[in-house]
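*Asks:* I'd like to ask you about the structure that follows.
No lab work stands behind these numbers, since they all come straight from the coordinates. Because the structure is predicted, anything quoted here is derived from the model rather than measured. As a convention, Cβ positions derive from the backbone with ideal geometry for all residues, glycine included, and neighbour counts pool all protein chains shown.
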Amino acid sequence: HALALQGNPTQALTFYREAWVHFQELEAAGDVAETLERIAGAYIALERPKVGVRLLAAAATLRQQHHVPIPPLERGYQEQSLTAARAQLGARFQTLWEEGTRVTKEPSYPLSSTWWRRTTPERGSTER
């Protein structure tokens, strides 16, 4: 989290992805959701708001499904990410949010490894 806050979202993504895999294995819904929110913030900081909004929506849906509220310390970070994404996307925000909520319809947790590989910055995805 400190790396993203210090302006190094690309490096932070490496750590967040490792955490995400770990929390998925543990089936820790709250930690998975929090990690998705942090990943989303990093993507938004990298000016890839489409990916970020979908991840925020997936995390919100996961939280709702498992009755896991956002911790008070994370609310400010999430609100900052949402505000930045809305500013970058305008009217497209809502459509992308709805797409992100559908990702969580998978059996257990929100993102497949296939989807994940398509959204990593080092793979040269052009989706913004």
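*Asks:* FRET efficiency for A84 and L26, Cβ-Cβ distance as r, R0 = 35 Å, nearest 0.05?
*Replies:* 0.70
*Asks:* Testing the spin-label approximation: label points 7 Å from Cα along Cα→Cβ at H66 and R102. State their distance in nm.
*Replies:* Going from the H66 label point to the R102 one covers 2.4 nm.
*Asks:* When Lys and Arg each count +1 and Asp and Glu each count -1, what net charge do the other residues less than 14 Å away from E74, Cβ to Cβ, add up to?
*Replies:* Neighbourhood net charge equals -1.
*Asks:* Using the Cα gyration tensor of region 56-106, with a ≥ b ≥ c the square roots of its eigenvalues, what is the shape: rounded (a/c below 1.5), prolate (a/b larger than b/c) or oblate (neither)?
*Replies:* Oblate shape, in that a/c is at least 1.5 and b/c is the bigger or equal ratio.
*Asks:* Still on this structure, I have one more. Near R86, within a Cβ-to-Cβ distance under 13 Å, what is the net charge of the other residues, with Lys and Arg +1 and Asp and Glu -1?
*Replies:* Value of the local net charge: +1.
*Asks:* Same structure, new question: Tally Lys/Arg at +1 and Asp/Glu at -1 over every other residue whose Cβ is under 11 Å from the Cβ of W97; what's the total?
*Replies:* On the way: positive: K50, R54, R86, R92, R102; negative: E98, E99.
For residues surrounding W97, the net value is +3.
*Asks:* Step by step: find N for region 1-96, compute 2.2 N^0.38 Å, then divide the Cα radius of gyration by it. What's the final number?
*Replies:* Here the answer is 1.00, to two decimals.
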